Ligand SMILES: [Cu+2]
């Protein structure tokens, strides 16, 4: 059973750097909290004055969102030029907690 013991020791050694890496990432909450992802959906409202767009979008797994309807701040607001309610769009979103921005959006 000497082989089994040395194999177990080897797998413990392999796990240590992985666990250390995860701990180091957890120490940077601001970097970890900002997530980006690409989504598809339909515009339900555009507020050009407020610089926001409301999109009924499908799931965005990289941000951890299910399908939902939500309002995004447009960054920059000029992204909203030419967009109107009812359009189907593809977009890139950036989320930090419940604050969400679109950084790119185009009719699809
Ligand atoms: Cu959403």
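Laboratory data are not the source of any read-out in this text; all were calculated from the coordinates shown. Quantities reported herein were computed from a predicted structural model and do not represent experimental measurements. Positions of Cβ are backbone-derived with ideal geometry, glycine not excepted, and every protein chain shown enters the neighbour counts.
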Put a dot 7 Å past each Cα toward the Cβ at residue 38 and residue 75; how far apart are the dots in nm? 2.0
Sorting 108, 57 on the 10 Å Cβ count, fewest up front, what's the list? 108, 57
